[in-house]
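What follows is a set of notes on a single structure, which appears directly below.
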Amino acid sequence: MTGTHLGMPAFPEAAREAVRDGVLRANLRHATHTIRDKRARAVAELADWDRLRAAGKAVKDHTLRHLDRYLLQLEAAVTAAGGTVHWAADADEANRIVTGLVLATGEREVVKVKSMATQEIGLNEALEAAGIAAYETDLAELIVQLGHDRPSHILVPAIHRNRAEIRDIFRTEMGRWGRPAPEALGDDPRELAEAARLHLREKFLRAKVAVSGANFMVAETGTMVVLESEGNGRMCLTLPETLISVVGVEKVVPTFRDLEIFLQTLPRSSTAERMNPYTTMWTGLGPSRGADGDGPTAFHLVLLDNGRTDTLADEVGRQALRCIRCSACLNVCPVYERAGGHAYGSVYPGPIGAILSPQLRGTSSEIDASLPYASTLCGACYEVCPVAIDIPEVLLHLRERVAQGGPVTRDGIRVTLRPAHGHTAERAAMRAARLLLDHPGALRAGMRLLARARRLRPRRLPGPGRAWTDTRELPAVPAESFRDWWTRERGNPQ
Amino acid sequence: MTSRDRILARIRRAAAGGPEVDIPRDYLRVHGARTPAQTADLLAANLAEYRARVHRADEGGLVPLLARLLAARGSRQVLVPAGLPVRWTADVDATLVPDRQTSTIRELDGVDSVVTGCALAVAETGTIVLDAGPGQGRRRITLIPDHHVCVVRVPDQVVDSVPQALERLDPTRPLTWISGPSATSDIELDRVEGVHGPRALDVILLTAPGAQ
């Protein structure tokens, strides 16, 4: 997986920068709290939410168990419906395939509907290198692209920008990409949306090639499913002559009927709506093979691995592949709320990003090794996840891998990782914890000693503990340990 | 070795011997028991909550209602797909433009409104679904014009829930699910109707004679 932002500092440094930004924190707080409150109401409407959640989890786990079979079934169905299926083992291969397909049309520009998979592989940059301009058409993605910026949220990628910043970006940048912003553009969201509509409509009406992702692919029928709100998705999926969809292999579901689960859980978890404004479903070129001018006349599906099969090989970590990209976990995460999406150094921010990126990319870079620590382990992300991904469990699993090394699959090959640099503190802490937990007497004595010495509490720990307290406030020590309190109140704990 | 073979081999190595998973289907087919009239009311309420404008009419009332909605909007060109009952638009005081395969995108962009039927509507979510069948036309005609009027026959085209809707749809047809007009909340989470799709959606619940 490419897409590690070059020069990206590890999470603690990036987060420290972000939490100093008052505007960013205010924007994030407003956004995450608004969405999470609305979401709770939308979910409460369905009395069978827990059963839908269990069914969604089971469909995904079942599909992953038989992923080879379902991908082959999907390939056959898409091909029978007039589409062409390509397989890409990594980002470079996917970019080569897409670039080649675009160049073969003779076109030099493409319109894009928001796709995290193409961001993950750095497709826009690869197209640019081949002389092809790629235009993002989702309003938020347009703001990000025009602002020479990076997305900071899965659902609302420009959530870190306020209206005044967006107006300034539109005023200065729109003219360089096409139709300029209207004279005297104000900062009312309505005016800004209208400016985007005019700017992008020009591109939609002339585009010959579109690139999309997909939320779901149905193995049984070859049906592709895209959920969206603005209609830019429908524009990209309907008007151009050539449609190229780049989709991670984990997005397949076995049957058309399975959509009844996810079409209920995804919108409510994501935008807190009963249903998103637009959902488009298409199967290859359709019954008319595109001959009636109702959709593209050429459809290409690029199935992307790029670290997914390595993730599948990890028995604990593979559950991250259940993710349907709803972003509910971002909106409840106390760490995301303060640090923002950029600190995660990946297109997948927040709790899901903290377990997905280090698995897709490996933990060799500093940022990826730090991501499993970007969490308080409070468990709120697990509670809201509509496919019940136990994110805290995977975080702990990845922390252990970073700190202690161990077996892992990279590019399909089983290798043994060495402990990452810079995690001596965690290794020492784990050894110490094991020693103390194995010797209850030592633990009791240690805690009593700590309680008595609480007035002498330093702000930083000495020795190997220093790295730990570099990035954390040392908590206050209570007057009495829990064990002592329990013994005093209820008798001997043993 | 092709990438296809390589990926499939990696999957087989990675997933082999993993636990088999049964899929529990004990979630509800429908949320609550309703009469057909209550289902239609729920559809109307949920459509309205996402800023669609909802109207009710029987066959007799539909003709003047359509004429009034299009006149109020000031529509001069109205797109009509093949299979739309001709009598519906009998009183419309605007140029009726038939949807043709040869119509260019720019021609469609010059049209003010489009009138269609639908395949079905989902009450619990406030959604209408089009499948390019008779009276619905191509996917693009409900996308490019700024105003969409959709007629839903009540009760036979209304289902309660998403599971009931999927049962009735043919996955090989091009399907478009529409819940309210185009909308964005990308700027400070303020909901704004209409970015790229139609900014106005009128839904007419057409009741069978004697049903109202």
Helix A:259-270 vs. chain A, principal-axis angle (Cα, 0 to 90°, nearest 10): 60 degrees
Dipole of the protein assembly as shown [Lys/Arg +1, Asp/Glu -1 at C-beta], most positive-end residue of B:HIS148, A:MET281, A:SER270: A:SER270
Exposure proxy order (Cβ contacts within 10 Å, fewest to most) of B:MET1, A:MET235: B:MET1, A:MET235
Placed amide H near B:LEU120: partners under 5 Å, 5+ positions off or other chain: B:VAL129
Footprinting exposure proxy for A:GLU489, B:GLU193 (fewest neighbouring C-beta atoms within 10 Å first): A:GLU489, B:GLU193
Global geometry of the stretch A:1-142, whether rounded, prolate or oblate, following the gyration tensor of its Cα atoms and the 1.5 cut on a/c: oblate
Global form of the protein assembly as shown, assessed from the alpha-carbon gyration tensor, a/c cut-off 1.5: prolate
Crossing angle, helix A:163-177 versus chain A [Cα axis fit, 0-90 degrees, rounded to tens]: 40 degrees
Antiparallel bridge percentage (DSSP; both residues within chain B; nearest 5): 25 percent
The stretch B:119-172: C-alpha gyration tensor shape, a/c 1.5 cut-off, then a/b vs b/c: prolate
Computed [θ] at 222 nm, helices only, for the protein assembly as shown once each DSSP H run of length n ≥ 4 contributes -39500 (n - 2.57): -12500 deg cm²/dmol
Free-standing Cys residues across chain A, given no other cysteine C-beta under 4.7 angstrom: A:CYS236, A:CYS323, A:CYS326, A:CYS333, A:CYS378, A:CYS385
Filter on A:LYS203/A:LYS251; A:LYS112/A:LYS251; A:LYS38/A:LYS112 - keep pairs with C-alpha separation over 24 Å: A:LYS203/A:LYS251; A:LYS38/A:LYS112
DSSP bridge orientation in the stretch B:145-212 - percent antiparallel, rounded to nearest 5: 20 percent
Chain A: angle of helix A:189-206 to the longest principal axis, Cα-based, in degrees nearest 10: 50 degrees
Of all DSSP beta bridges in chain A, antiparallel share, percent nearest 5: 35 percent
Cut-off under 5 Å, modelled amide H: who pairs with B:ARG56 long-range: B:LEU205
Dipole-positive endmost among A:SER364, A:THR311, A:LEU243 within chain A (Cβ charges, Cα centre): A:SER364
Exposure proxy ranking, count of Cβ atoms within 10 Å, fewest first, for A:CYS236, A:CYS323, A:CYS329: A:CYS323, A:CYS329, A:CYS236
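Any read-out appearing in this document is the output of simple, stated calculations on the displayed coordinates, not a laboratory observation. Values in this document were obtained by computation on a predicted structure and should not be read as measured data. We place every Cβ from the backbone using ideal geometry, glycine too, and count neighbours over all the protein chains shown.
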